[in-house]
1. Give the angle, between 0 and 90 degrees and rounded to the nearest 10, that separates the Cα long axis of helix 74-119 from the longest principal axis of the Cα atoms of the chain.
2. Using 0.36 nm per residue, how much length does the chain from Glu110 to Ile64 gain when fully extended, once their Cα-Cα distance is taken away?
3. Rounded to whole Hz and in sequence order, give me ³J(HN,Hα) for segment 59-69 from the Karplus expression 6.51 cos²θ - 1.76 cosθ + 1.60, θ = phi - 60°, writing x for Gly and Pro.
4. Given contacts defined as C-alpha pairs under 8 Å and at least six residues apart, what's the relative contact order of the chain, whole-number percent?
5. Show me, bin by bin at 10 Å from 0, the whole-percent P(r) of segment 7-64 based on Cα pairs.
6. Tell me whether the chain comes out rounded, prolate or oblate; compute the Cα gyration tensor, take square roots of the eigenvalues as a ≥ b ≥ c, and use a/c under 1.5 as the rounded threshold.
Amino acid sequence: MTGQIVYVLAKAADWNEFAAMAAASLTVTLLAELLARIFRSPVTAYLVCALIPLVPGKGIFEAIRCWILDYADAATWARFTFLQGTGIAAGCLIAAGFVRTLARYRKQKEAGGRLKQKSK
């Protein structure tokens, strides 16, 4: 639900399809990472369930339908769907990269703190 709210708010703010979907996906991925850490479970369990509502099913359906019926709108729907799908992937990659970088930083900081304590 959070992803859909972010997507609707981004579209209301006149963002394009890619940016709106990337923002929604980023939010959902960060939330999934947080819940996975809290409940000590795999991120994938939360992420897959949260990303399913964001999948552009209507765009996929309309692109294929227009292509089969030889309508001129097929390319427009395909572009729309591609931008949304790319936005989902970009949001997930950015959020996952941020979380991994933050975890690596925290690990190095903790290791550095323990080394300083041992040397005294």
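Computed from the coordinates by the stated procedures, all read-outs in this text should not be read as laboratory data. Since the structure is predicted, the reported quantities are computational estimates derived from the model, not experimental observations.
1. 0 degrees
2. The span from Glu110 to Ile64 would gain 11.3 nm if fully extended.
3. x, 5, 4, 5, 4, 5, 4, 5, 5, 5, 7
4. For the chain, the relative contact order is 32 percent.
5. 23, 41, 28, 8, 0
6. Here the chain falls in the prolate category.
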